[in-house]
Every structure is written in C-alpha cells, then in structure tokens.
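A short worksheet on the structure shown next.
The values are calculated or read from the model by the stated rules, or taken from the named source; none is laboratory data. Since we're looking at a predicted model, the values are computed, not measured. Positions of Cβ are backbone-derived with ideal geometry, glycine not excepted, and every protein chain shown enters the neighbour counts. Surface areas here come from the heavy atoms of the whole protein model, side chains and all, with no ligands, DNA or RNA. Shrake-Rupley method; radii C 1.70, N 1.55, O 1.52, S 1.80 Å.
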Protein chains: 4
Amino acid sequence: MASTETDKGWRSRLHEIIYESNTRAGKAFDVALLIAIFTSIIVVMLDSVESIHQQHGQLLKYVEWGYTILFTVEYILRLISIRQPTGYIFSPLGIIDLIALIPSYLSIFFIGAQSLLVFRALRLLRVFRIFKLSRFLTEINFLTVALKGSLRKISIFLLTVLSLTIILGSVMYLVEKRENGFSNIPESIYWAIVTITTVGYGDISPVTPMGKFVASIVMLIGYAIIAVPTGILTHDLAIAARQKKELPEACPTCGREGHDSDATFCKFCGSALL
Amino acid sequence: MASTETDKGWRSRLHEIIYESNTRAGKAFDVALLIAIFTSIIVVMLDSVESIHQQHGQLLKYVEWGYTILFTVEYILRLISIRQPTGYIFSPLGIIDLIALIPSYLSIFFIGAQSLLVFRALRLLRVFRIFKLSRFLTEINFLTVALKGSLRKISIFLLTVLSLTIILGSVMYLVEKRENGFSNIPESIYWAIVTITTVGYGDISPVTPMGKFVASIVMLIGYAIIAVPTGILTHDLAIAARQKKELPEACPTCGREGHDSDATFCKFCGSALL
Amino acid sequence: MASTETDKGWRSRLHEIIYESNTRAGKAFDVALLIAIFTSIIVVMLDSVESIHQQHGQLLKYVEWGYTILFTVEYILRLISIRQPTGYIFSPLGIIDLIALIPSYLSIFFIGAQSLLVFRALRLLRVFRIFKLSRFLTEINFLTVALKGSLRKISIFLLTVLSLTIILGSVMYLVEKRENGFSNIPESIYWAIVTITTVGYGDISPVTPMGKFVASIVMLIGYAIIAVPTGILTHDLAIAARQKKELPEACPTCGREGHDSDATFCKFCGSALL
Amino acid sequence: MASTETDKGWRSRLHEIIYESNTRAGKAFDVALLIAIFTSIIVVMLDSVESIHQQHGQLLKYVEWGYTILFTVEYILRLISIRQPTGYIFSPLGIIDLIALIPSYLSIFFIGAQSLLVFRALRLLRVFRIFKLSRFLTEINFLTVALKGSLRKISIFLLTVLSLTIILGSVMYLVEKRENGFSNIPESIYWAIVTITTVGYGDISPVTPMGKFVASIVMLIGYAIIAVPTGILTHDLAIAARQKKELPEACPTCGREGHDSDATFCKFCGSALL
C-alpha cells in the first residue's frame, strides 16, 4: 500500500514537472525542452546544407539520434505521468510530438524518410504553450479574444480575395498569351495571388499593354483592400479591450485571479464567475 | 381553375427552392448550386492545363457540356419560377449567369469561343448571395455599412494615388532613358503603380542613380500612404459599430428581426422602423 | 464711365466663371478644363509610344499645339480676370500652369524641350481644387485635418525609416561583396529602401548566407513598422472626427455654413466663430 | 580657489553647450553636430562609389581625417565636461560615438579597417536625441509610450511569424526540389520570410504546381496577418492618448511643465507628481 502511494506520488510529481509550470522544476523542464527543440531544429537545418552534410554528416546523424532518443524518453514520460494517456496522444501537441518522432524510426527501414525530419519544426508550436504559462499570458489572451472575434469577418475577407484572384486570374489568362508565362488558369491564379498580396516575385509578369492595364487594377485593388483585415482587427481589439474590463478579475468565492476572459466558472474552485 | 392553382403552387414552390433559403429544400439547392459552380470552374481550370487537355480533353469537353446543360436548365427554371423574369434577367447575378452560359453555345459556331468559358469564374460571386442567407449575415452587413461609409474617402485616396503615379511615372520617363525599360509614359506609369503599391515585380526597375533616387521617393510615399485607406476604414468600422447599436433590432409592429441597417421600413410588414 | 462699368462687369463675370464654381457656368468651365487637361495628358502619353509617334507623330504635334494655345488663352484669361494677377502667378497652381505651358514654346528654340511636356501631368493636381468645390468637400476637409495632425508624427517615422535604411544599407555593404550588386553605399541604401518598404524588385538581392540573414531582419523590421503610420493616422482620424463635432457648423452672426474646421473667423462676414 | 571656481564654471558652461539644448549655444552646437554627422556620412558614401574614389580618393581621405579629428575633439570635450565620464562612455550614444571613431585609427595599423567607417552611419541615431529637445518632444514621447505598450504584443507577433516561417520554409524544402533554388532549409526559411513579409524579390520562387500552391498560402497568410501589428499599435496609441490626458501637465509644487508621461516625480524640484 505504501509502495502504491509512493508510486502515485512519484507519478504525480513527474506530472507536475512535465505538464505544469508553476513549480521551479516545472519551469526548468519547460526551458530545457524549448532549448532541446530549438537546437534539434538547428541540427536538422545544418544537415540540409550540402557542404555541411558532406563534412559533418556522420556527426550530425549521431546528434540527431541523440535528440530522437531524448524526445522518445520525453514522450514515454508524458504517457506514464498522465492519468489518461489517450487525452495527450490525441491532443494537437501530442500528435505533433509523435509526427516529430516517427521520421527517425522510419529512416531505419526506408531510405529518404530522413528528410521528413523537417516536421520537427512543428514542435516549435510548443513555444506558445510554454509562453502561456509565463507573464505573456494576459497579452496572448487579449490577442486571442480579438482574433476570435475577427475570425469570421477575416474569413469573409479571404474568401472575397480568393474569388477575386480566381476571376482576375481567369481574365488575365484570356488577356495575356500562353507564351507570356500565363500558361494555364491555375498559373494565372497563382500570379493573381502573388500580385494582389503585393508580394510580386516577377517570375510571371504581364507583357502586353492590355495585360499591364489589368495588372495595374489588380495591384490597386490589393493595395486598397489590405485596409480591410487591419480595420477589422483594430476594431475587434477595441471591443476585446472593453470586454476585458467588464470581465471578473478575481473569483468571488475563492478570490483567485487569472481566469480566461471566456471563462464562466472559476478554474480553481468551480463556482460561477459573475 | 384548380389546375391553375396547382400550377401557381408549383411555381411558387420552385421559387421558394431557387430564390429563398429559409426552407430546407432552399438551403440544399444553394449548397448543390455552389458545389456545381465550384466543380465546373475546376473543370475549366484543368482543361486550360496543356498536358491535361491533351490527355483528357475529350472527357473534359463532355463534362463541360454536362455543366452547360445543367446551368441552362437552372437558368430556365429561374425564369419560369419568378413573377417578373426581366427583373432577374437584368439583375447583376442574372447577367453573370447568362455570360457564363453563352460561351459554350458560341463555341458551336465559332472556334475559340471555348476560351471565354473562363467567365464561368464570375459565377463565384453567387457565393456571397448564398452566404448572405446564413449566419454570416450580420458580419457582411456590418462590413458593407463600413465600406459604404469609406467608399467616397477611399475613392479620393485612389484618385490621389492615380494622379501621383501619372506624375511620378512621367517624371521617371524623363529621368531614366528608353533603353532602361521606361520605353514610354504608359509603361512608366505602370512601373509607378507597381512600385507605389509595393508589388515590385522587378520587370522594370531604375538603372541610373537619379532614377534610383526618384524610385526611393516613390517607394517611401507608397509605404507611408498605405496608412490612409486603413485609417479610413478602421474609423468607419467604429462608426458603423456605433450606429448598429442604435438601429432597430426588431420591427416595432410585427416584431420580426434581420432588417438591413439602412432600412427605414420593415421588410416584412412595411411599417416604419424607429 | 458706362463702358468702364460694363468692362468691370465683364471681368467680374469672367472671374466668376474661371475661379468660382457655385454658378452653372463656373461648374461647366471646371468640367471642361478637367477634360481638356486629361485629354492633353493622354495625347502626350500616346506621343511617347514609339510606334504611335512614328505613325501619327505629325497629327499629335498639331493636337499638342492646339492644347498649348488653349491653355495659353486660359492662362491669359486667368491673368486679366483677377484683381491681383501676381497672386495667381505665384500661387502653386499658377506656377504649375506656367510650367505646363513653357515646354511647348521652348521646343521652338531648343530641340528636346518637347520631352518636358510630361510636366503637363502636374496639371492633374487641379483635380483636387475642382473636387474641393463639390460635395467631396467634407471628406477632403476631414482627411486634410487628420493628415495635418499626423504630419509631424509621420515625419518622425519617415526620418526613423531613412536613418534605418542608411545604417542597414551601410551594414549590408560590408556584409555582401561588391560583386553581388551592393557596389557602393548609396546602392546599398537604395536596396534597403526597396526591402524595408516591402517593394522587393529583386534587381539587387543578397547572395551570401550572412547577407540573407541581415536582409531577413530588414524585411521583418519593414513588415512590423508599417504598423506605425497606420496606427498614427487611424488615431488622428478619430481625433479629427471628435473635433468636427465640436466645431461650429454655422456662423453665429450670418448663419452661413461650410467653414473649414480650423477656421476661427467666418469666411463670409468675418465675425468670430464660437 | 577662484581658479577652481572659474574652472568649474568653464566646465559647467561646456556641459551646458554640449549636453543641454535650452540655451542658444546648446542649440547651435546640436545643429552644427548634426550637420557634421550628416556631411561625414555623405563623404563615406561618396568614397564607396568606385568612380568617385578613383578620381577624388586622396581628397576624400583628407576630409575623412578632418572629420575624425573633429569627432575626436568632440569626444574628449564630452569626457571632460561631464562629472561622471563613465556614465557617458557606457551609455548607448557614448558607445556609438566610440565605434564611429575607432575605424579611422585602426586603418593606420590594419589595411581594410577603413571600410568599417560605415559604422559612422550609426551616429545618425543622435538625431533622435537632438529632436527630443525640440518641439517634437510631445509627439516622440507619445509614440514611445504607445510603442512600449505594444512591444510585448508585437514580440509575440514576430515570434509567431518566425515560427511560421521556419515551419513553412521546412515544408517548402520538402515540396520543391533542390534544383529549384530551395537548396537547404535555411535558404527555404529565407524564402518564407521574403514571401510572408510581401517583399518578394523573386530570386527564389516556386516552380512546381504544389510549391506554388504552398507559396500562395504563405502569401495569403502574410497578407492577412499584417493586420495584427497595425491593430495592436492603433489600439495602444488610443490607450496612450487616454493616459496622456490623465497625466500631470505641470508640477503641483514648482509649476513647471514638460514631464515625461511615465514620470512620477517632478524632474525639476523632485516633489511627487499627482
């Protein structure tokens, strides 16, 4: 019985370190993990550079396996320290952790799977979870609320932009000849996106006077409508700021603070927030 | 007489399905139509790709004719189910529907008319009418009010930008030599638009030191004045938001909601809105 | 005596037509002038196109002389119909009108002066004076007030951007070699402006890894600081809107409206505005 | 004793001229310094142009040494006129002043050190200190407060953008082949930054259809998220404006004005500001 209790204590301590960040050990773990993720991505990056690969390829391979083992151990620890492992496995971060691990093991059986290691970059997203637990919390919360409010309006905007690029790209396909780079409609739509977003690579650009005229219209549209998402977000930031003031700062029952702005119940004692 | 009544009922039911979206059948029709439009555009796109056209050209031609027949039937149904067919024929959506149909029939008589099929992309605009009837209504209304308020100010802005590009383009034509790509004034104006909108293809770019100096000024102007439309729209969004609150949510007579923000009379019972 | 009076009446009527726009004749004159300016610019544009010049060069020359005579007559009429001709001659619009006229006459004596005709494009600026008198007045006034308020802040911003481009351009000159297009510091500064304004021609672009790293920083700076002028202007638009409400709509003495927002005295009767 | 007093007076007068700007001599010194800095940078610029260097290289070298001596004298005067020289030496402006001086002296011993003269451009930053003392003070203060408030949020934004470019760059490395310019992951990340910031040089651009599809997504992301920093800053400008009103304009004890908006104590008499 005592052994079970100790075991429970051991697992719950591990859980505290790995999943939480209010303790000193938890914070240290988070920082160490972030450094490991960051350096592992740099190793993958370096290995992709031809000259470095030829000189230090063998060394980098060992280091990559070192990181694979490290992250595998972390993955197993995450599994055994949580009460419901499936909750972690199927969470977005859990899936990313797995996707970052698989390529290394696949590369034993399949040549070329090594290149999938770039998916390790996805683990960078963990940076936001770690930030969440620090003093950036309020700002991230604030931005998230505003972005959520803008999401629907910005979706409509992006849909409009996409429709515009399909229509304008199709028109451009008619106006410019195939020889001028607008070889098919998808290509022309790609050009329209490059132009309306004001990126302007110049890999495809209009040649005929009529094409330049249409292109000018596309550019002016792109230049003018950039105002729309900005206006929307600025507006929703103001609304989010107004709501923040009206939201409960502290739970009326237990008095603890730090609730999400969309919370209706205290996350510490569960009583209703006003 | 009974037959006339049934006929009337049949036509009014069809009208409900095709033109309205509050019933289940109406919603299903809208979604089906959107899918048909979208897939028909993809078929036109694929056909424009040389390699696909050579392999599956015959098949795609059949599919295109299938869509032509489908949209022709839809067009005829729209005509017979509405009380005033001219109202639909001369409405923007009616004209677009016709423009999307004609090329297929023209291609029987004229070789090359097939390429005008790209105008089918214009039917994508129907997406906004369909969205209008869903829960995006409020957001679209809100954005439309703000954009209407900004329209005049943004027109002035675009007029200023156009005047600037004509003046700066003309100056650049003098500064840079013909050999450097600025071969005539329209071309130079095209360059000024490419530059001031920060697209920057690089197909024409200044070569002489003086030209680079003028170009730098054009760029800095473009970079600074992008603020103008954004500022205008943000401002008008705030005004639109304030007005929305003051607008009637429900008709005081019949109690029904969903009126446009610029409505002065209830669209259901015709009584004045407060 | 009667003759002098008639003469005075004739001149004051001419003044009304040319300089004012509240009468029907004045409006007609403004519109006719705008059309004349616009078409004269199109003629200069067409003449700059090599192929059109070779085919219709002689015709276009006659048309250009026609416009020159027309604008000369307009200039003389402006001079004789105003009480203080020097007031017009040295006003910005007066100087532009003169600059637009001189090249034609210079071309009689100097070959090549013809090319200075492009300065006729400057006359486009008259469009704003004409607009001022129409119903766009309120919007232009509103934007002008906001822009005036922003001017100082946006100057500081542009100064910061310029300092940044000089510093970053100089750094890039050190980092990239002369062979890579960064052949001297002014060239590098030109590159920095092209990059920080997100224009990105690609005529000069970094080649070395270190150069690409510095370029990435320049781009991210440019992408982030575009927010500054936008934020400033949006803010000043809100202030201008607030002030507009507090400003007198009508003169308390004569009751007439339409005063500029920065006016302290009635422009009709001269009494102090509240 | 009298000599010490005179000496003290001489040093304090020098300090007034060099470090302060409320006196006439102080203002003159600041303007003269700004002109010296500006012209010295132009000399370095001109010297970097190959053709000018070959023609006037010797002359420019003398001029550059002239500026070096001038700035050395200024540096020494700054040191002896301040009570705590270390305070100036280790201040940002002090370090910049030193960095701008060293290259000239290094060039005596090391060939090539001359090229480090470009760091003289850093002295341009002094322009902001000089502006601070002029009537731009309020605007700079206002912008600084708003930017400080935005800093954390914009850091989060830039971190997100960087993570996105690493992930999207890595994906692009997989999608496009090495032959198409995406030769390694760092290169691909550079491309992602060029694209997401809408700079779009076009030195590296996608070739395969799949690559163009991914690139389109990157562009649309970049086009949509530019709204974020703008929205943030606009919001913080409004907050800064509101706070400014609530801040003390004049010290309640001594009545003097011009306190920083974040000051809690009067900088003239040291009493608490309300």
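The calculated FRET efficiency for D:Ile217 paired with B:His53, based on their beta-carbon distance and R0 = 22 Å, is about 0.25. Peptides A:16-26, A:196-206, D:216-226 ranked from most to least packed by the mean count of surrounding Cβ atoms within 10 Å: A:196-206, D:216-226, A:16-26. Residues of region A:143-160 that lose at least 10 Å² of accessible area (1.4 Å probe, protein heavy atoms only) when the other protein chains are present, relative to their chain alone, are A:Leu143, A:Leu147, A:Arg152, A:Lys153, A:Ile154, A:Ile156, A:Phe157, A:Leu158, A:Leu159, A:Thr160. Label separation (D:Ser115 vs D:Trp65): 2.3 nm, computed from points 7 Å beyond Cα along the C-beta direction. Overall, the accessible surface of region A:118-213 at a probe of 1.4 angstrom is composed of carbon and sulfur to the extent of 70 percent. Taking every alpha-carbon pair within region B:160-212, the share separated by more than 13 Å comes to 49 percent.
Note on A:Thr23/A:Arg83: beta-carbon distance plugged into 1/(1 + (r/R0)^6) with R0 of 25 Å gives a FRET efficiency of 0.85.
With a Förster radius of 35 Å applied to the beta-carbon distance between B:Lys177 and C:Leu151, the computed FRET efficiency rounds to 0.50. For the residue pairs A:Lys153/D:Lys148; B:Lys212/D:Lys148; B:Lys153/C:Lys153; A:Lys212/B:Lys212; A:Lys61/C:Lys212, the alpha carbons lie more than 31 Å apart in B:Lys212/D:Lys148.
Contact-buried residues of region B:9-46, at a threshold of 50 Å² lost accessible area versus the chain by itself: B:Met45 (1.4 Å probe; DNA, RNA and ligands ignored).
For the chain pair C and B, buried accessible area totals roughly 4000 Å², probe 1.4 Å, rounded to the nearest 100.
Rolling a 1.4 Å probe over the heavy atoms of the protein chains gives region D:5-130 an accessible area of 58 Å² per residue.
Within the shell defined by Cβ-Cβ distances under 14 Å, the residues around A:Thr208 carry a net charge of -1, with Lys and Arg each +1 and Asp and Glu each -1. Give me the percent of accessible area attributable to carbon and sulfur for region D:1-86, probe 1.4 angstrom. Its accessible area is 65 percent carbon and sulfur atoms. With both labels modelled 7 Å from their Cα along Cα-to-Cβ, the B:Ala36 to A:Met210 distance reads 3.1 nm.
If you take all other residues with their beta carbon under 15 Å from the beta carbon of C:Val118, and give Lys and Arg +1 and Asp and Glu -1, the sum is 0. Please give the direction-averaged projected area of the C-alpha convex hull for region A:66-207, in square nanometres with one decimal. If I average the Cα hull's projected area over directions, I get 13.9 nm².
The residues of region C:148-193 present an accessible area of 36 Å² per residue when probed at 1.4 Å with all protein chains retained.
Tally Lys/Arg at +1 and Asp/Glu at -1 over every other residue whose Cβ is under 13 Å from the Cβ of C:Ile167; what's the total? Net charge around C:Ile167: +3.
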